[in-house]
Amino acid sequence: MESGDLNLTVLSTQNKQAWDRLYGQVENLVWGRPPIGFLNEFIGFIEIPVSRRFRMLDAGTGEGRNLEPLLSTGSSVTACDASANGLHKIMTPGRLSNPIPCTHCDLSYMPYAAAMFDFVLLADVIETLPDVNSVLREIYRVLKPNGILLCNVPGLEDDISADDMIPLGINKFLYQGNFFYQFLSLIESVNLVERNGFTILRNELRSWSEEAHPGFRRYKHTHTSRVFLVTKA
Ligand SMILES: C[S@@+](CC[C@H](N)C(=O)[O-])C[C@H]1O[C@@H](n2cnc3c(N)ncnc32)[C@H](O)[C@@H]1O
């Protein structure tokens, strides 16, 4: 598939390889253990029924820093990512309070049945996807009717948007010449989720700081993102 002059298939393949190399080269956790800054607050907005099994998917889980808050809800949690090295760190014995199924796959073609999940988390992933529409369509497919997607979309106000980014196109970059990034305005991010079929429940700006990420970002930094809680209505 092409978008302007960009070959999305080639970009996506190179991008997935770059993430996998990173997780393979860094023995410790690149992202550390604390979950992404908005997760605990937004999990509190989700109604989790006690009467039946609530199924959660952490899509693009990386090394799994967001899994413990999902597990703490008592839900049945699954994780997936295109990086075998990232998933390997999650599956290390003793890493999680409960072992979970991990799937090695592309987010555009997940090997899950339609309407399988009640909730999908897509944390710090949208901005890294050359073909973001195909991923959101796939997430829509695997969500149950009235299922919930929690995701964040950074704009140019995010500290990292100016850091070592080689321009590829309008608001599209390669970080350190390897990792695809795009930054969307408020209107662009609202259009993105709505044109892929979702109804917005919450749309809020949040900032949080993160420590340096070994092998990836050398200093403590602040992230600013639009956080969306949306539903497959
Ligand atoms: C910035 S990391 C975020 C990881 C994790 N969600 C977190 O918050 O720590 C982006 C993740 O998306 C994954 N990813 C990027 N493109 C993907 C694709 N097409 N299919 C599956 N995973 C992908 C990468 O392997 C990487 O782990």
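The values are calculated or read from the model by the stated rules, or taken from the named source; none is laboratory data. Because the structure is predicted, anything quoted here is derived from the model rather than measured. We place every Cβ from the backbone using ideal geometry, glycine too, and count neighbours over all the protein chains shown. We work out accessible area using only protein heavy atoms, side chains counted, and drop any ligands, DNA or RNA first. Shrake-Rupley method; radii C 1.70, N 1.55, O 1.52, S 1.80 Å.
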Item checked: the chain - Debye-derived log10 I(q)/I(0), Cα point model, q = 0.09, 0.14, 0.15 Å⁻¹ -> -0.34, -0.88, -1.04
Notebook entry, point to check: Taking Cα pairs under 8 Å and at least six residues apart, what relative contact order does region 110-233 come out at, in percent?
Noted result: 29 percent
Notebook entry, point to check: Stretch Ala212-Arg195 to full length: gain in nm at 0.36 nm per residue minus the Cα-Cα span?
Noted result: 2.6 nm
Check: About its Cα centre, what dipole magnitude does the chain give when the only charges are +1 on Lys and Arg Cβ and -1 on Asp and Glu Cβ, stated in debye to the nearest 20?
Finding: 680 debye
Checklist line | Total lysine pairs under 25 Å (Cα atoms) in the chain, excluding pairs fewer than 8 apart on one chain | finding: 6
Checklist line | Thr78 long-range amide H proximity, modeled H, under 5 Å | finding: Met56, Leu57, Asp58
Check: Per-residue ellipticity at 222 nm for the chain, helices alone: DSSP H runs ≥ 4 residues times -39500 (n - 2.57), over residue total, nearest 500 deg cm²/dmol?
Finding: -7000 deg cm²/dmol
Check: Based on DSSP, what percent of beta bridges with both residues in the chain are antiparallel, to the nearest 5?
Finding: 65 percent
Note to self: If you roll a 1.4 angstrom probe over the protein chains with everything in place, what fraction of the accessible area of the chain belongs to carbon and sulfur, to the nearest %?
What the structure shows: 52 percent
Notebook entry, point to check: What's the local net charge at Leu87, with K and R +1, D and E -1, over the other residues with C-beta under 12 Å away?
Noted result: -2
Notebook entry, point to check: Counting DSSP beta bridges in region 120-233, what percent are antiparallel, to the nearest 5?
Noted result: 90 percent
Notebook entry, point to check: In what order, largest first, do Ile139, Ile100, Ile166 sit by accessible area if the probe radius is 1.4 Å?
Noted result: Ile166, Ile100, Ile139
Notebook entry, point to check: From the backbone phi of region 131-137, what are the Karplus-calculated ³J(HN,Hα) couplings (6.51 cos²θ - 1.76 cosθ + 1.60, θ = phi - 60°) in whole Hz, Gly and Pro given as x?
Noted result: 10, 5, 5, 5, 6, 5, 5
Checklist line | Mean accessible surface per residue for the chain, computed with a 1.4 Å probe while every protein chain stays in place, in Å² | finding: 46 Å²
Next item on the list: Could you go through region 196-204 in sequence order and give the Karplus-derived ³J(HN,Hα) for each residue, using 6.51 cos²θ - 1.76 cosθ + 1.60 with θ = phi - 60°, rounded to whole Hz, and x for Gly and Pro?
Entry: 9, x, 8, 10, 7, 9, 9, 8, 9
Next item on the list: Can you tell me the order of 208-215, 91-98, 103-110, 47-54 when each peptide is scored by its average per-residue count of other Cβ atoms within 10 angstrom, highest first?
Entry: 103-110, 208-215, 91-98, 47-54
Next item on the list: Take the alpha-carbon centre of region 156-192, take the same for region 131-151, and report the distance between them in whole Å.
Entry: 21 Å
Margin query: List the residues, sorted by chain then number, that are 5 or more residues from Ile46 or on another chain and whose placed amide H is less than 5 Å from its amide H.
Written below: none
Next item on the list: Just order 223-232, 66-75 by mean Cβ neighbour count inside 10 Å, highest at the front, would you?
Entry: 223-232, 66-75
Item checked: Rg/Rh (Cα only; Kirkwood hydrodynamic radius) as it applies to region 19-122 -> 0.95
Next item on the list: Determine the order of Leu57, Leu6 by accessible area, beginning with the largest, at a probe radius of 1.4 Å.
Entry: Leu6, Leu57
Note to self: For the full complex of protein chains and a 1.4 angstrom probe, list Thr9, Thr222 by accessible area with the highest value first.
What the structure shows: Thr9, Thr222
Check: What list of ³J(HN,Hα) couplings, whole Hz, do you get for region 12-27 from phi and the Karplus terms 6.51, -1.76, 1.60, once you set θ to phi - 60° and write x for glycine and proline?
Finding: 5, 5, 5, 5, 4, 5, 5, 5, 5, 4, 4, 5, x, 7, 9, 5
